Amino acid sequence: MSLFNNTEKPIGLASDHAGFQAKQYVLKILEEKGIPYKDFGAYDAESSDYADFAHPMASAVENGECYPGIAICGTGNGINMVVNKHQGIRGALCWTPEIAFYARTHNDANVLSLPGRILTENEIYDIMVTFLNTPFEGGRHKRRIDKIPLNPVGS
């Protein structure tokens, strides 16, 4: 399976220190494939707080500056919690390609959250490929997604 970015927008990237090494791997892959990205940090492996980087990245995805986002911390949980505080974000913590597939087809996830300390580079690659290449199915799933925000459209 090939890796591609199906939009003209850059992919937004964010990590903390625990996800920094995995993010560097993601950057390398995106650069090799010529896929544009915007790195919101962390920029080194020094101790840092995921929220400092996740909020700006989530805002960029939410306002259409980037699409999609990839967020990485040690377990993926903390950074995923942060991005999901944004009303327009549907962050999905994925640790297998199958989870990434359903996050896209059923949930139209727009941020992929990864557990950087747990996954191998090969696993990260396979999950990214699945996430970036899988379209949203729509249909009955659209109705459900429309109910996620606290103030849904039309309420």
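Read-outs: derived from the displayed coordinates by stated rules, not from any lab. Treat the numbers as computed from the prediction; the structure is a model and nothing was measured. Positions of Cβ are generated from backbone atoms using ideal geometry, with glycine treated the same way; all protein chains shown enter the neighbour counts.
Structure notes:
- Relative packing of peptides 52-62, 14-24 - highest average C-beta neighbours within 10 Å first: 14-24, 52-62
- Across all directions, the shadow cast by the convex hull of the stretch 1-88 built on its C-alpha atoms averages 5.5 square nanometres.
- Of the trypsin sites (Lys or Arg not before Pro) found in the stretch 28-136, the ones in coil according to DSSP and having at most 14 other Cβ atoms within 10 Å of their Cβ are K85, R117.
- Shown for the chain: lysine pairs separated by 8 or more places, or found on different chains, whose C-alpha atoms are under 19 Å apart, numbering 8.
- For the pair D146 and H55, the difference between a 0.36 nm per residue extended length and the Cα-Cα distance amounts to 30.5 nm.
- Summing charges over all other residues whose Cβ lies under 10 Å from the Cβ of Q21, with Lys and Arg as +1 and Asp and Glu as -1, gives +1.
- Cα-only Debye scattering, the chain: base-10 log of I(q)/I(0) at q = 0.11, 0.18 Å⁻¹: -0.37, -1.02
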